[in-house]
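**Student:** Please read through the structure below; I'll follow up with questions.
Every number in this text was worked out from the coordinates using simple rules, so none of it is lab data. Small disclaimer: the values here were computed from a predicted structure and weren't measured. Note: ideal-geometry Cβ built from the backbone for every residue, glycine included; neighbour counts use all protein chains shown.
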Amino acid sequence: MNDIKSMALEAVLGALHKAGMTAPEELESYFETPADSKNGDISLPCFRLAKTLRAAPPLIAAKIKENISLPAGIEKVEAVGGYLNFYAGKAIYLSMLEGIDEDFGKTGMGNGKTLVIDFSSPNIAKRFHLGHLGTTVIGNAVRNIYKFCGYNTVAINYLGDWGTQNGKQIVAYKKWSSRERLEADGIKELERIYVMFGKEAEKDPSLNDQARAAFRELENGNKEYLEIWQLFKDISLREYSETYKRLGIEFDVWAGESMYTAKMPEIVQELRDKNLLKLDDGASIVDLSEWNMPPALILKSDGTTLYPSRDMAAAKDRYNTYNFDVCAYVTSAGQSLHFAQWFKVTELMGKEWAKNLVHIPYGTMSFGGEKLASRTGNIILLNDVFDEAVAKAKAIIEEKNADLNDKDGVSEAVGIGAVIFGALSNSRIKDTDFTWEGALSFEGNTGPYVQYTYARAASVLRKTEGDDGCEGEYTPNEDEINLIKQLYTFPDRMRAACEDNEPSYIARFMLDTCSAFNKFYHNCTILRESGATRRFRIKLTAATKQILGVSLDILGMRRTEEI
């Protein structure tokens with residue numbers, strides 16, 4: 001790219017070579033944009049070079065300046081303390097704006113590589129609640145980030161459809177429900193009897209023994225139980241498909257834990273063959289005390305399988321199928337130990353691809369300070385949150401723009417977008433306490449603010465259609481330069497988001513871009529201008545709209561051409 005950072009990097013590389021110094025491979029990542037433009041348009045902190053070049057940062061900065069040849073477009077360079085500050089001429093921003101095309105920001109870092117990502121993955125027979133929001137929207141955003149960076153991506157919805165909880169559901173169904181009630185009330189009935197099982201088991205613990213026995217029957221292929229289980233699954237998938245449609249999320253593969261029932265004995269036998277499996281009070285474990293972890297439980301004392309063996313079987317199958325470079329799992333931080341354990345067991349088994357397994361944890365989600373649990377019935381349904389957000393959005397839209405076309409469609413986009421942005425705008429590892437006021441606020445650093453800014457840019461472009469380009473001499477002002485600088489942080493933000501699996505980087509980029517664009521919009525007339533000024537500002541508006549639109553797509557929010 002013909003931008004300030006690329007030009008400064010090339011100049012520094014030349015200076016280091018001339019001075020007989022060797023530049024580190026990651027030199028490009030050392031550059032940063034100063035908080036105060038008085039310190040230049042781009043800066044190289046030489047502190048990070050001190051260890052490699054074995055010299056004090058001020059001496060390094062002075063040495064580079066002494067040997068540097070400035071390219072056209074960079075007016076001067078100053079060595080200040082341990083910093084090397086580059087100052088660009090205003091003309092460079094004209095070419096930088098022209099460089100923002102439809103591929104702008106695509107790093108290509110994932111070209112030829114494959115990401116398999118496991119996210120959302122609800123347990124069947126339970127509706128989506130607010131606690132499912134994190135894995136679903138974080139996973140979707142991470143998948144989109146990798147895809148934008150060039151990866152081939154495979155999104156897997158690994159349904160929780162196999163385990164003791166299914167035994168509980170079968171026992172509860174046979175005791176307190178019927179097919180007629182299921183057909184009438186669907187997943188609500190499944191939730192009712194699951195909560196009832198929890199309450200009754202507290203009074204009669206033998207119900208838990210019945211549930212374990214029912215799951216053993218399921219694993220052994222009991223025809224009646226398999227038919228009941230399939231009915232639960234069919235009802236659940238109909239419910240989930242509607243929620244995913246509302247979120248605009250699609251999966252490449254729906255593969256529940258049940259798919260790996262036949263493959264688990266192979267994993268268990270391999271562990272035995274490699275002398276990794278030990279008996280502990282009747283259960284089969286892998287001892288991980290050497291790595292300061294509790295043992296990984298592979299088989300219960302009754303011989304039934306557990307999550308680690310199923311996850312290992314699934315991972316092996318995914319590698320054989322997709323030959324992945326990254327296999328990521330998006331779950332709550334509460335499952336970090338589980339993933340650390342079976343990742344280590346897979347490594348001990350000698351699987352070369354174990355190093356490509358990645359857990360992407362996120363903090364807990366609560367509502368009004370109270371954690372959610374379907375076992376007790378303490379749930380806030382996700383569709384209820386969406387409905388509330390959409391209703392609030394519609395009320396605001398009707399007040400601000402009563403003549404808007406497709407109010408329902410725009411309200412749906414803005415309302416659901418507000419919830420998604422609320423879940424993605426902060427670091428994913430932080431705990432999130434949702435409140436109606438906080439989650440649905442339409443003021444401040446929110447999703448509706450971003451979508452409104454996008455719509456504002458779209459409105460300008462509709463009124464100036466066909467009148468763009470940067471022809472003619474023009475000298476951009478400070479607001480325009482700051483906006484272009486902000487847009488040019490997009491490639492670095494995207495690269496960092498991919499490296500750190502962190503969608504909040506994109507959310508923050510969007511907020512900063514909206515702030516810079518709205519300042520430009522308020523201080524710089526567009527429609528009343530003519531000639532080079534008008535064309536430049538239209539082009540800048542189009543570039544902002546494009547990059548905001550891509551960012552909305554990545555976070556899973558809908559573009560709003562008007563609000």
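**Student:** When the dipole is taken about the Cα centre of the range 163-249, and only Lys, Arg (+1) and Asp, Glu (-1) are charged at their Cβ, what size is it in debye, to the nearest 20?
**Tutor:** My answer is approximately 140 debye.
**Student:** Quote to one decimal, in nm, the extra length available between Thr489 and Arg192 on full extension: 0.36 nm per residue of separation minus the C-alpha distance between them.
**Tutor:** Between Thr489 and Arg192, full extension yields 101.9 nm more.
**Student:** Let me ask something additional. Setting aside same-chain residues fewer than 8 positions from Lys278, which lysines have a Cα under 21 Å from its Cα?
**Tutor:** Lys263, Lys300, Lys344, Lys351
**Student:** Quote the FRET efficiency, to the nearest 0.05, computed for Arg238 versus Thr321 with a Förster distance R0 of 22 Å and r equal to the Cβ-Cβ distance. Display every interim value, and only then the final one.
**Tutor:** Details: r = 27 Å, r/R0 = 1.23.
Computed FRET efficiency for Arg238 and Thr321 comes out at 0.25.
**Student:** Kindly list the residues of the range 213-238 that lie in the label zone of Gln335, defined by a backbone N under 18 Å from the point 7 Å along the Cα-to-C-beta vector.
**Tutor:** So the set is 237.
**Student:** Using R₀ = 35 Å, calculate the FRET efficiency as 1/(1 + (r/R₀)^6) where r is the Cβ-Cβ separation of Asp553 and Ile429; round to 0.05.
**Tutor:** 0.90
**Student:** For the chain, with the dipole built from +1 on Lys and Arg beta-carbon atoms and -1 on Asp and Glu ones, taken about the Cα centre, which of Tyr93, Trp291, Gly444 lies farthest toward the positive end?
**Tutor:** Trp291
**Student:** Further question: Size of the dipole of the range 387-555 about the Cα centre, Lys and Arg at +1 and Asp and Glu at -1 on the beta carbon, nothing else charged, in debye to 20?
**Tutor:** On the way: 20 positive and 27 negative charges, 88 e Å.
Magnitude of the dipole: close to 420 debye.
**Student:** Want the number for Asp408 to Ala19: 0.36 nm per residue separation, take away the alpha-carbon distance, what's left? Could you put the intermediate results ahead of the total?
**Tutor:** Details: separation 389, 0.36 × 389 = 140.04 nm, distance 6.44 nm.
The span from Asp408 to Ala19 would gain 133.6 nm if fully extended.
**Student:** Okay, next question. Show which lysines lie in cross-link reach of Lys126 when reach means a straight Cα distance below 18 angstrom and same-chain residues fewer than eight apart are skipped.
**Tutor:** Lys126 reaches Lys168, Lys174, Lys188, Lys199, Lys233, Lys245, Lys371.
**Student:** While we're here: Determine, from the Cβ-Cβ distance of Glu227 and Asp204 and an R0 of 30 Å, the FRET efficiency 1/(1 + (r/R0)^6), rounded to the nearest 0.05.
**Tutor:** Working: r = 26 Å, r/R0 = 0.88.
Rounded to the nearest 0.05, the efficiency is 0.70.
**Student:** Leaving out same-chain residues fewer than 8 places away, which lysines sit with a Cα under 19 Å from that of Lys463?
**Tutor:** Here the lysines satisfying the reach criterion relative to Lys463 are Lys539, Lys545.
**Student:** On to the next question. By how many degrees, between 0 and 90 and to the nearest 10, does the Cα long axis of helix 531-555 differ from the longest principal axis of the chain?
**Tutor:** 20 degrees
**Student:** While we're here: Work out from phi, with θ = phi - 60° and the Karplus expression 6.51 cos²θ - 1.76 cosθ + 1.60, the ³J(HN,Hα) of each residue of the range 310-326, listed in order in whole Hz, and give x for Gly and Pro.
**Tutor:** Computed from phi, the couplings for the range 310-326 are 5, 5, 5, 5, 5, 5, 4, 5, 5, 5, 5, 7, 10, 6, 5, 9, 9 Hz.
**Student:** Could you pull out every residue, at least 5 positions away or on a different chain, whose amide H is within less than 5 Å of the one on Leu84? Hs are placed 1.01 Å off N in the peptide plane, and Pro or chain starts have none.
**Tutor:** Placed amide hydrogens put Leu44, Cys46 under 5 Å from Leu84.
**Student:** How many lysine pairs in the range 1-77, separated by 8 or more positions in sequence or lying on different chains, have Cα atoms less than 21 Å apart?
**Tutor:** Lysine pairs satisfying the spacing and distance rule in the range 1-77 number 15.
**Student:** Along the Cα→Cβ direction, 7 angstrom out, place labels at Asp36 and Glu66. What is the inter-label distance in nm?
**Tutor:** According to this spin-label approximation, the distance is 2.8 nm.
**Student:** Let me ask another. What do you get for the angle between helix 187-203 and the principal long axis of the chain? Use alpha-carbon atoms, 0 to 90 degrees, nearest ten.
**Tutor:** 60 degrees
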